[in-house]
Each structure stands twice: as C-alpha cells, then as structure tokens.
Amino acid sequence: MPGNSRRRGATRTSSKKGPNVGTGGQRRQGLEGRGPTPKAQDRVKHKAHKAAARAGARSNARSASARPVHPRRTRTSSEMVAGRNAVVEALRASVPVSTLYVAGRIDSDDRVREVLRIAAERGIPTLETPRGELDRLTDGVVHQGLAAQVPAYTYADPADLHNTAMPGIPLVVALDGITDPRNLGAVIRSLAAFGGHGVVVPERRSVGMTASAWKTSAGAAARLPVAQATNLVRALEDFRRAGFFVIGLDMDADVSLPNLELATEPLVIVIGSEGKGLSRLVRETCDQIVSIPMSGDVESLNAGVAAGVALYEVARRRAQ
C-alpha cells in the first residue's frame, strides 16, 4: 500500500513531539532546572557581592589593627657596623656578628688584634676585603679598615626602661624629630658616659640605629638600649605614670639648666630638632622646659651637643 513501501526512503517518520525511543531521556534532562537562583551577594558579578567583599575587607583591617603589637621591633635588613671602636665594642658586648670584613694590609693595633682574636674564638667568618669594596659595603662611612655585618637591630620597648636593672637614678633621653643618625650616636655616647640608662626614638619620621649611629656612638650602642615608641607623647605619659619627670630642652624655657631642681629625680630629657625644636604636643607633655645658657651670638646647639651639656649637668648635681 502506499506509504507502507519497504523501499529505502519511503518510510513515514513520526511528527509527534518528545524523545525518540533509545535517546535515554536526553531531552528531558536538558529541560531540567538548575536549582534555586543564588542570592545576589553570592553572584560574583553582582554589585551586592562586591559590596559584601568590601565590607569584609574593612572588617579584617579593623581586626588586624586591634591585634596586640609585639613589644620589640627590628629593621628589615642587616646593618654594617664600621670603625675599629664600634666593631670591637660590638664584639665585646656579644652582638651577633655574621661576617667580619678586614681591609687588606691593615695597620694593626690593639683593637684590630682583639677583633681578630674574638672572631677566631667564635668562628666568625672573616674576609680580607679591598678598601674600595669596603667603602661600598659601608656606604662611605669611615671604617678604618674594619667592618662587621650584624643582624637587624632589635629595639627595646619604652616600658623596658621604666624599671631598669642598671645602677643609679634612672636617666633616659628621648629624641623628638631628630633625623641625623650621627646625633643619635652622639647622644648614646654621652648617655653612656654620664650614667644614663637608655634612649627613646619615635618609630616614624625619626632617626634609627644605622651603621652611622653605631659608628658615632663609639660602641656605646652595644651597652645601652634604644627603645622605639609608636607614639612619643604616649610613651612620655607612660614614663610620668611610672614616676619619671619629663623635661624638655628649649630656648623658650621655664628655668635654666643650672637651676634644674629635678636633676636628682628619675628623669626623661627630651631633645627636639635643631631647627624646629620640640613639637607642640611633646612640649605640652613635659613637666618643665629647660634652657641651656649660651652667648647671644649662638642661637642653638645640635642635638648631640645639647644632650652632652644637659647630661653633664644632671650627673654633676647627682654627684653632690
């Protein structure tokens, strides 16, 4: 009959909708849903998701800022201590030296012989170095043929100076706005000479313990702690609560240095920069502002010299 022919191509195909036999239900699976629509904040490209991500980042930042800060901080790289006095004092104080550099054909003296002896006893690697290379390693500092590479400087916390185990009436110097490392080195050297107990420097916009500071201190930095304060004003307030008097050196003063009656008390001497002097908040935190008498021809002293003069007067009055 027509339409029932077995000739190839003559079979009528079905026009019914739905899967053919043997398809395995592929069409049905293709029509199945993908589940409920995700929430807006779960869709990566949706603005609600981006807003939630920003809020989470702000929350993490607040949590991080609330975490306690470890009381000791270090620089991120090693330092080169240069100069014979600085190197020998660092070794005497058992500062961990990783490498010792000695210029070729160095003129030997007692300090050089002691440095080489200590280095041999402790097994410190010692390299004979051309002077030009030593100049480069020390960044132009006068090294006198000796330099030592030491780990990043570990700063004390200002609270460590509240109850120091060193003998004598506590005496601390705080630097406000000092950026020259040679001034820091000079202050440390004077403080060690007059029986002081430590130095406090701000963490930001301030001098730190560099190779130049080590050199200028003539090794005294190996014996006296340098503390780093996150906020100098708060650190000074903590000293006052610990029983210290805080005095600031400035030309516009309440009293001159020879009339300083607080010299025999636990003391923090604050020294400002040569140009700007004490900052306003630091000045307001001081118990007394003290001036150093000078000739009218001289307007100010640099921080290292001012510290030496003030520390001498304090030591003199304490010895009476």
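The values are calculated or read from the model by the stated rules, or taken from the named source; none is laboratory data. Not measured: the values here are computed from a predicted model. We place every Cβ from the backbone using ideal geometry, glycine too, and count neighbours over all the protein chains shown. Just the protein is used for accessible areas: all its heavy atoms, side chains included, with ligands, DNA and RNA removed. Shrake-Rupley method; radii C 1.70, N 1.55, O 1.52, S 1.80 Å.
Just a yes or no: is a residue in the stretch 196-205 charged (D, E, K, R) and either at pLDDT 90 or above or under 19 Å from D157 (Cβ atoms) (or both)?
Looking for residues that are charged (D, E, K, R) and either at pLDDT 90 or above or under 19 Å from D157 (Cβ atoms) (or both), one finds at least one in the stretch 196-205, hence yes.
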Original post:
Does S206 satisfy the criteria of being over 29 Å from A319 (Cα atoms) and touching a helix residue (DSSP H, G or I) at 6+ places or on another chain (Cβ under 9 Å)?
Top reply: yes
Original post:
Can you pull out the residues in the stretch 199-229 that are touching a strand residue (DSSP E or B) at 6+ places or on another chain (Cβ under 7 Å) and on the phi > 0 side of the Ramachandran plot?
Top reply: none
Original post:
Of all the residues that make up the stretch 257-270, how many are open to solvent by less than 40 Å² (accessible area, probe 1.4 Å) and in contact with a helix residue (DSSP H, G or I) (Cβ under 8 Å, 6 or more places away or on another chain)?
Top reply: 7
**OP:** Can you work out which of the residues in the stretch 158-169 that are out of contact with any Asp or Glu (no Cβ under 9 Å at 6 or more places or on another chain) and open to solvent by less than 40 Å² (accessible area, probe 1.4 Å) is nearest to S273 (Cα to Cα)?
**Re:** L161
**OP:** May I ask you to list the residues in the stretch 89-127 that are modelled with pLDDT of 90 or more and either within 16 Å of K215 (Cβ to Cβ) or open to solvent by less than 10 Å² (accessible area, probe 1.4 Å) (or both)?
**Re:** L100, Y101, A103, R111, V112, V115, A119
**OP:** Pull up the stretch 175-192, narrow it to residues that are under 16 Å from the mean Cα position of the chain (by Cα) and either among the basic types (K, R) or assigned to a helix (DSSP H, G or I) (or both), then point me to the one that is surrounded by the most Cβ atoms within 10 Å (Cβ to Cβ).
**Re:** L184
**OP:** Answer yes or no as to whether D254 is at pLDDT below 95 and either open to solvent by less than 70 Å² (accessible area, probe 1.4 Å) or within 28 Å of L137 (Cβ to Cβ) (or both).
**Re:** no
Original post:
Of the conditions (1) aliphatic (A, V, I, L, M); (2) open to solvent by 30 Å² or more (accessible area, probe 1.4 Å); (3) touching a Lys or Arg at 6+ places or on another chain (Cβ under 9 Å), L137 fails just one. Which one is it?
Top reply: (3)
**OP:** Could you tell me which numbered condition A213 fails, if it satisfies all but one of (1) assigned to a helix (DSSP H, G or I); (2) modelled with pLDDT of 90 or more?
**Re:** (2)
Subject >> From E284, E313, residue being assigned to a helix (DSSP H, G or I) and under 19 Å from A186 (Cα atoms) >> reply: E313
Original post:
Say we look at the stretch 193-244 and pick out the residues that are within 14 Å of the chain's Cα centre (by Cα) and basic (K, R); which of these is surrounded by the most Cβ atoms within 10 Å (Cβ to Cβ)?
Top reply: R204
**OP:** Would you point out the residue of the stretch 271-320, among those that are open to solvent by 70 Å² or more (accessible area, probe 1.4 Å) and closer than 25 Å to P167 by Cβ, that is farthest from the chain's Cα centre (by Cα)?
**Re:** Q320
**OP:** Could you list, in sequence order, all residues of the stretch 80-102 that are free of Cβ contacts under 8 Å to residues at least 60 places away in the same chain and part of a helix (DSSP H, G or I)?
**Re:** L91
